[in-house]
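Asker: Have a look at this one.
Since every read-out is calculated from the coordinates, none of them should be taken as a lab result. Remember, predicted model here, so these are calculated numbers, not experimental data. In this analysis, Cβ positions are derived from the backbone assuming ideal geometry, glycine residues included, and neighbour counts consider all displayed protein chains.
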Amino acid sequence: MTVVSSFLVPGSPLPLVARDNPPWAELAQAFEQAGEALVASKPDTIVVYSTQWIAVLDQLWQARPHLRDIHVDENWHEFGDLQFDISIDVEFAQAAIAATNDLGIKSKGVDYDKFPIDTGTIVASTMLNPANDLPLAITSNNVYHDWSMTESLGKLAAEQAHKLGRKIAVVGVGGLSGSYFRHNIDIAEDRIASEPEDQWNRKMLALMEQGDVTALREQCPTYASEARVDMGFKHFAFLLGAMGGSFSSAVVHGYGPLYGAGGAIVEFTQ
Amino acid sequence: MSKGQIVAGYLAPHPPHLVYGENPPQNEARSQGGWEQLRWAYERARASLDELKPDVLLVHSPHWITQQGHHFLGVPHLSGKSVDPIFPNLFRYSFELNVDTELAEACCDEAAGMGLTTKMMRNPNFRVDYGTITTLHMIRPQWDIPVVGISANNSPYYLTTEEGLEEMDTLGKATRKAIEDTGRRAVLLASNTLCHLHFSEEPVPPEDMAQEHPHDYAGYLWDMRMIELLRQGKTQEVFSLLPQFIDEAFAEVKSGAFTWMFSAMGYPQMPGELHGYGTVIGTGNAVMEWNLIKAGLAQEAAGELS
C-alpha cells in the first residue's frame, strides 16, 4: 500500500502555542495521538497540503532540501515564535512538479532562502513530526483551483509516491467551520461561534467515522457554503484524491473551537 | 507640542515587480527593467514626498491580513528578509526599518476607544509583509523616515464590503486623531491596486513588457473612470461608486487602505494628482497624491513658513 495513513488537521497555531488552554488542550492531545498513529504507519514521506500556503499563479511544491527558521504568525504574534526544522523529499517534489505539469496544471518548485512557510504547515509538521524524523513533501493551495482539480492533485501525489516506491502519510491541513470571534474573548471560554456550524461539523465528522464517502461528497458543497468552511474544504478534496476517492472509516481524535472556528484531528482508515 | 497634521496621502500600490524592475541593492533578484511608467510615477511621488518633510509614513497593507482586529507594528526596529510568497522569483528583499511606536500605540488606543478591536504587534521576530515593504521602498528608498505599519483586518471579506469599509472609516478617524494628538507631520500611504484581475502565467522573462497590458477592458474602463473622478476631486462620487467598482473590477481597494486614508484626510473634495498609471501582470495600478498643503488643508513644515 502506498498511502499508509491519512489525516485531517487544523492549521491554527493555537493548540501548539497555547496548549494549556483547556479548549485547545484536547486538540493538542489529539494531535499527539495522530502523530503516534502516523509514526506507527511507517511512512517514508509525509505529503502536506495546507490551505494557508496560498498560491495564485501555479501549483507550487516546496523544493528546498532543508527548511529551518523562525516564523511569527501574522495574527497570533503575541504567543511567540514558531520554530521549524523541516526536511523535504526533493526527489518526490521534483516528480510531483513534472507530473502536475503533465496533468496540464502549470507547476514549479520553490527553492528560496527565507521563503515564508505557512503557519499551517509548520503546525502540522511540529505536532505530527516533532523530531523531523520524516521528510515532507509540501504543496500549495492555489486559490483558483476548484474541488475537482485539488482532488486530482491528491491523486497525483499518491501516484508519484507509488512510482517512486514511497510509502506516504497524507495530511490535509485546514479548518472546519469558519465563523470566528472578531473581538477579544476569554480564551478559556472558547467555543464554536455558531451553533448551526457546530451541528454541521459534527454531522460531517460522523459521516467520516462511518466512511460514508457518497454522503460526504454530496454534502460538502452545502457544508462549505453554509458553515463558511476554510477554503471550501479543499484540504479534504486533496485527501480524498490521495486515498483513491474512498475510505472505510475514520477516527476523530479531537474536535473543538479555535477562536470560534472549528477544527478537528481525523485519522482515516482505507 | 503643536497639533499634528496629515500633510498628504498617496495611493501607493505594491506590486513587487516595481522593486524587481528597479534593481535596488536590497533585492536579490535582478532584472532588465520593466514597468517603467509606474516606476517613473513613483520617482515623481518620491520628489514630492521629499518636499513634504514628514515625520512619519503610515502604511496600510493588504498583505498583512489579520482576523482578530486591526494590528499595528509595535517594535522600534525591525529587520529581516522578506520573500514574496507569490513572486519569490522577483522579490527577496532585505529590509530594515524604524517604527514610530509612540504614534502606533496612539493609533491603536484611539481605534480601540472608537470601538474597534486592536492589537499591537510586539514580537521582534515578526517578518514585515511584502506589501508594506514594496510601498515603502517605492515611495522612500532611503528608509530614513519612521513608519507605522497597519494590518488589513479582513472585515470587508468576512462581513459585507460596506460593513468592512465602515471599520476602515473608523480606523481612519482614529488615525487622524492619534496624529493630531502626538504632534506628527504625517503622510498616509494606501497600498492598494485598483482593478485586480490578473494573468495566471508569467511571461519569460517577467519584465517582457510586450506581454504587459490590462487583464480586461472592463477593468481598465473602471480604473479610468475612478481616476478621472479622483483627478476632478469628486471624492463623494468615488465613494458612492466604490462598492460597485470593487465588485465588478475585483478592486483591491476592498481591503481597506483607500478608505482608511480618505477617512483620515476627511474625504477632501480636492483633485488628486496622478503621477502615473500602469498594469502589472494585468492589474491596474495608479500612483496618486493628495497634497493637503497645496490644497490649503495643512501647513508647510515650520522651517519653511518664514
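Asker: For chain B, what class follows from the C-alpha gyration tensor (a ≥ b ≥ c being the square roots of its eigenvalues): rounded when a/c is under 1.5, otherwise prolate if a/b is larger than b/c, else oblate?
Answerer: rounded
Asker: Further question: When only Cα pairs under 8 Å and 6 or more residues apart are kept, what is the percent relative contact order across the range A:6-110?
Answerer: With pairs under 8 Å counted, the relative contact order is 26 percent.
Asker: Then there is this: Would you kindly state how much longer the chain becomes between B:Gln142 and B:Glu102 on full extension, computed as 0.36 nm times their sequence separation minus their alpha carbon distance, in nm to one decimal?
Answerer: 12.2 nm
Asker: Within the range B:182-271, which GluC sites (Glu not before Pro) sit in a loop by DSSP and count at most 14 neighbouring Cβ atoms inside 10 Å?
Answerer: The qualifying sites are B:Glu201.
Asker: What size of dipole, in debye to the nearest 20, comes out for the range B:164-306 about its Cα centre when the only charges are +1 on Lys and Arg C-beta atoms and -1 on Asp and Glu C-beta atoms?
Answerer: 700 debye
Asker: I've got another one for you. Taking the Cβ of B:Leu78 as the centre, find all other residues whose Cβ is under 10 Å away and add up their charges (Lys, Arg: +1; Asp, Glu: -1).
Answerer: 0
Asker: On full extension of the chain, what length is gained from B:Ser2 through B:Asn125, given 0.36 nm per residue of separation minus the C-alpha to C-alpha distance?
Answerer: 40.8 nm
Asker: Taking the Cα-to-Cβ direction at B:Trp40 and at A:Ile185 and moving 7 Å from each Cα, how far apart do the two end points lie in nm?
Answerer: Each label point is offset 7 Å from its Cα along the Cβ direction, giving 5.4 nm.
Asker: I would also like to ask the following. Once you list every other residue whose beta carbon is under 15 Å from the beta carbon of A:Glu226, what net charge do they have if Lys and Arg are +1 and Asp and Glu are -1?
Answerer: Values: positive: A:Arg202, A:Lys203, A:Arg228; negative: A:Glu195, A:Glu197, A:Asp198, A:Glu218, A:Asp230.
Once positives and negatives cancel, what remains is -2.
Asker: Assuming R0 = 35 Å, can you tell me the calculated FRET efficiency for the pair A:Gln210 and A:Asp133, based on Cβ-Cβ distance, to the nearest 0.05? Present the calculation step by step, with values, prior to reporting the outcome.
Answerer: Working: r = 33 Å, r/R0 = 0.94.
It comes out at approximately 0.60.
Asker: Also: Check each of the trypsin sites (Lys or Arg not before Pro) in the range B:73-145 and keep only those in coil by DSSP with at most 14 other C-beta atoms within 10 angstrom; list them in order.
Answerer: B:Arg122
Asker: Quick check on the protein assembly as shown: what are the equivalent-ellipsoid semi-axes from the Cα gyration tensor, as sqrt(5λ), descending, whole Å?
Answerer: Each semi-axis is √(5λ); the values are 42, 26, 22 Å.
Asker: I need to check one value: relative contact order of the range B:34-171, counting alpha carbon pairs closer than 8 Å and at least 6 residues apart, in percent.
Answerer: In percent, rounded to a whole number, it is 37.
Asker: Oh, and also: Could you compute the FRET efficiency for A:Glu36 and A:Leu103, with r as their C-beta to C-beta distance and R0 at 30 Å, rounded to 0.05?
Answerer: With R0 = 30 Å, the Cβ-Cβ based efficiency is 0.30.
Asker: Related question: Here are some pairs, B:Lys173/B:Lys294; B:Lys119/B:Lys234; A:Lys234/B:Lys254; A:Lys42/A:Lys163; A:Lys163/A:Lys234; A:Lys114/A:Lys167; which of them have Cα atoms lying more than 27 Å apart in this structure?
Answerer: Going by Cα-Cα distance, B:Lys119/B:Lys234; A:Lys114/A:Lys167 fall outside the 27 Å limit.
Asker: Could you work out, residue by residue across B:197-206, how many beta carbons of other chains sit within 10 Å of that residue's beta carbon, and then give the average as an integer?
Answerer: The mean count of partner-chain Cβ atoms within 10 Å per residue comes to 2.
Asker: A follow-up question, please. Subtract the Cα-Cα distance of B:His213 and B:Tyr158 from 0.36 nm times their separation in residues, and report this length gain in nm to one decimal.
Answerer: Taking B:His213 through B:Tyr158 to full extension adds about 16.7 nm, to one decimal.
Asker: Can I ask one more? Are there trypsin sites (Lys or Arg not before Pro) in the range B:4-68 that DSSP puts in a loop and that have at most 10 other Cβ atoms within 10 Å, and which ones?
Answerer: Of the trypsin sites (Lys or Arg not before Pro), the ones in loops of the range B:4-68 whose Cβ has at most 10 other Cβ atoms within 10 Å are B:Arg30.
Asker: By average Cβ neighbour count within 10 Å, what is the ranking of A:45-51, A:73-79, A:117-123 from highest down?
Answerer: Going from most to least packed, we get A:45-51, A:117-123, A:73-79.
Asker: Give me the net charge of A:Ile46's neighbourhood, meaning all other residues with Cβ under 15 Å from the Cβ of A:Ile46; Lys, Arg count +1, Asp, Glu -1. Intermediate values should be presented prior to the final figure.
Answerer: Working: positive: A:Lys42, A:Arg166, A:Lys167; negative: A:Glu36, A:Asp44, A:Asp85, A:Asp89, A:Glu91, A:Asp133, A:Glu267.
Net charge around A:Ile46: -4.
Asker: On to the next question. With the cut-off at 1.5 for a/c, could you classify the range B:67-171 from its C-alpha gyration tensor as rounded, prolate or oblate?
Answerer: oblate
Asker: What FRET efficiency, computed as 1/(1 + (r/R0)^6) with R0 = 45 Å and r the Cβ-Cβ distance, is obtained for A:Lys203 and B:Glu248, rounded to the nearest 0.05?
Answerer: 0.75
Asker: While we're looking at this one, here's another question. For the range B:177-198, list residues with backbone N below 15 Å from a point placed 7 Å from the Cα of B:Ala295 toward its Cβ?
Answerer: Zone members listed by number: B:186-190.
Asker: Relative contact order of chain A: what whole-number percent is it, with Cα pairs under 8 angstrom and at least 6 residues apart?
Answerer: Relative contact order, chain A: 32 percent.
Asker: To continue, here is another question. With a point put 7 Å past each Cα toward its Cβ, work out how far A:Asp111 is from A:Gln29 in nm, to one decimal.
Answerer: Once both label points are built, they end up 4.5 nm from each other.
Asker: Among A:Asn101, A:Asn201, A:Asn129, which one shows the highest mean-square fluctuation when chain A is modelled as a Gaussian network with alpha-carbon springs under 10 Å?
Answerer: Among A:Asn101, A:Asn201, A:Asn129, the largest GNM mean-square fluctuation belongs to A:Asn101.
Asker: Under a crude label model (7 Å from the Cα following the beta-carbon direction), how far is B:Ala112 from A:Asp146 in nanometres?
Answerer: Distance between label points: 4.6 nm.
Asker: Rounded, prolate or oblate, given the Cα gyration tensor of the range B:6-98, with a/c below 1.5 counting as rounded?
Answerer: Numbers: a/c = 1.68, a/b = 1.10, b/c = 1.52.
Judged from the Cα gyration tensor, the range B:6-98 comes out oblate (a/c at least 1.5, b/c at or above a/b).
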